[in-house]
Amino acid sequence: MGLRRGHDGLVRLDRTKLDTTKLDRTPTGAPATLLLVGPDRPLGLTLRRSRRWARMAARLLAPTLDRRLADGQAPESSVLLAVRAQALVSPGLIRRDARLWGQLVQRASRPPVMRSPRTPLNRVAIGGCATRLSEVRSRLGEPGPVSARGVAMMNRLLRDGTGPLYDRRAPASRLDAALEQIVAAFDADVAGHGLAGDAAS
């Protein structure tokens, strides 16, 4: 895959082993521009082109990068976080996420299907949090910037098979609290233009 673990335990990208024919490209085929900030950039934000190896690495490390973004790490603090955040707020992924949330609510409103290969839903909690779920979905459809942290938190909740969306022993209050945190992240980041990207097409 082009990744290797060093003696220090860190996973690094081996650029010589990347299949560059499968890299994501922007609609125009041109590399995107990233804003980076950190202790090694004393003058503040630095403009940098998104390279193809970085886009490939961000795809391979998406779950790890999503966790870091969901925990509040600024996307502009590293190249890979910036690339991943940019992907999370792209119009295509935003539309996909909104569709997934809609499908989840629809599934929860229908009787369960016997012997379905799908992960069982916590229908009681989802039904009790319908308003909050609609709030999350509405944040994805609003014009202007979208919080990369909010999207990462939302994806983490969707992927967590033991979380309140799927654990039928979890009370609705637990799911409501998780959704409230997601809505708060969307609103706070967009209001302050922090950890956000423009999802407009």
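The values are calculated or read from the model by the stated rules, or taken from the named source; none is laboratory data. Please read these numbers as outputs of a predicted model, since none were measured by experiment. Positions of Cβ are backbone-derived with ideal geometry, glycine not excepted, and every protein chain shown enters the neighbour counts.
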Looking at ARG96, is it free of Cβ contacts under 8 Å to residues at least 40 places away in the same chain, surrounded by fewer than 18 Cβ atoms within 10 Å (Cβ to Cβ), closer than 26 Å to LEU65 by Cα and of a type in the set (Lys, Arg)? yes
Given the structure, is ARG174 farther than 30 Å from SER77 by Cβ and at pLDDT 90 or above? yes
